[in-house]
1. Restricting attention to the stretch 129-142, report how many residues are at pLDDT 90 or above and closer than 14 Å to residue 160 by Cα.
2. Which condition does residue 63 not pass, out of (1) farther than 22 Å from residue 192 by Cβ; (2) within 15 Å of the ligand (Cβ to nearest atom), if it passes all the others?
3. Taking the stated definitions as given, is residue 73 surrounded by 15 or more Cβ atoms within 10 Å (Cβ to Cβ), over 23 Å from residue 9 (Cα atoms) and not assigned by TED's automatic domain parsing to the domain that holds residue 193?
4. Inside the stretch 1-14, can you point out the residues that are part of a strand (DSSP E or B) and within 15 Å of the ligand (Cβ to nearest atom)?
5. Is it the case that some residue within the stretch 48-59 is surrounded by 12 or more Cβ atoms within 10 Å (Cβ to Cβ), more than 16 Å from the ligand (Cβ to nearest atom) and over 21 Å from residue 193 (Cα atoms)?
6. Filter the stretch 15-26 down to residues that are touching a strand residue (DSSP E or B) at 6+ places or on another chain (Cβ under 8 Å) and more than 10 Å from the ligand (Cβ to nearest atom) and give me whichever is farthest from residue 92 (Cα to Cα).
7. Taking residue 42 and the conditions (1) in contact with a strand residue (DSSP E or B) (Cβ under 6 Å, 6 or more places away or on another chain); (2) within 16 Å of the ligand (Cβ to nearest atom), which numbered condition does it fall short on, given that it satisfies the others?
8. When the stretch 27-39 is examined, which residues are found to be touching a strand residue (DSSP E or B) at 6+ places or on another chain (Cβ under 8 Å) and at negative phi?
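The values are calculated or read from the model by the stated rules, or taken from the named source; none is laboratory data. Worth saying up front: this structure is predicted, and the values here are computed from it rather than measured. We place every Cβ from the backbone using ideal geometry, glycine too, and count neighbours over all the protein chains shown.
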Ligand SMILES: [Zn+2]
């Protein structure tokens, strides 16, 4: 097999996956089922990071066809399952408010099963971020988004605005936040991606900056103390 790049869903580290840490097998069956010959493929990836070594399992169901007496999978998968972990949620640090993370995790978990429930949770998560991080509270999500325009990096705000303009998600951001609307899994994923960027750009960046500044203050204070002790 060719190698491919991959991000571990457990430790979030980038890795190159080769046959050393990848295993794939399949199970072909028909038994008179309505869709005829099918092939169920399971893939296992073991994280090469020595501190992690978690394993991820995915399954795919394909139609199977026979070419020159050899059966093979055909077309794109009819169904796919993420078995372990059972969600695409990325790990986020615990200094981000719990209610935001739990909405985010649930939005990821049900993205394929119920994109509209997922999008509803993501919108609530977006509102949670705007209210917690920026302290902007308005009646409608659209007003809250407009309210943070001058308070953040223009490109990030543009991303929020772009997602807002897409189809149903956009139309309904101007209405009630808890209104359940029809969305495609791709739209639900777009919202999830936006939440991930915001968590990273806002909370994680602020935390890293604080840590960095505190260490500078710490070192500087130490130097000042050393100087004043030396001059005694
Ligand atoms: Zn890992």
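1. Our first condition is that a residue be at pLDDT 90 or above; within the stretch 129-142, this holds for 129-138.
Restricting the remaining residues to those that are closer than 14 Å to residue 160 by Cα gives 129-130.
Selection size over the stretch 129-142: 2.
2. Going through (1) farther than 22 Å from residue 192 by Cβ; (2) within 15 Å of the ligand (Cβ to nearest atom) one by one, residue 63 breaks only (2).
3. On the way: surrounded by 15 or more Cβ atoms within 10 Å (Cβ to Cβ): yes; over 23 Å from residue 9 (Cα atoms): yes; not assigned by TED's automatic domain parsing to the domain that holds residue 193: yes.
Here the answer is yes, as residue 73 does meet what is asked.
4. Those that are part of a strand (DSSP E or B) and within 15 Å of the ligand (Cβ to nearest atom): 5, 6, 7, 14.
5. Here is the first cut: in the stretch 48-59, the residues surrounded by 12 or more Cβ atoms within 10 Å (Cβ to Cβ) are 48-49, 52-59.
From what is left, the residues that are more than 16 Å from the ligand (Cβ to nearest atom) are 59.
From what is left, the residues that are over 21 Å from residue 193 (Cα atoms) are 59.
Yes; the residues of the stretch 48-59 include at least one that is surrounded by 12 or more Cβ atoms within 10 Å (Cβ to Cβ), more than 16 Å from the ligand (Cβ to nearest atom) and over 21 Å from residue 193 (Cα atoms).
6. Kept after step one, since they are touching a strand residue (DSSP E or B) at 6+ places or on another chain (Cβ under 8 Å), are these residues of the stretch 15-26: 15-17, 21-26.
The next check asks that each one be more than 10 Å from the ligand (Cβ to nearest atom); those that pass are 16-17, 21-26.
Details: 16: 22, 17: 23, 21: 25, 22: 26, 23: 28, 24: 29, 25: 32, 26: 34 Å.
So the residue we want is 26.
7. (2)
8. Initial filter on the stretch 27-39 (touching a strand residue (DSSP E or B) at 6+ places or on another chain (Cβ under 8 Å)): 27-30, 35-39.
Within the stretch 27-39, 27, 28, 29, 30, 35, 37, 38, 39 qualify.
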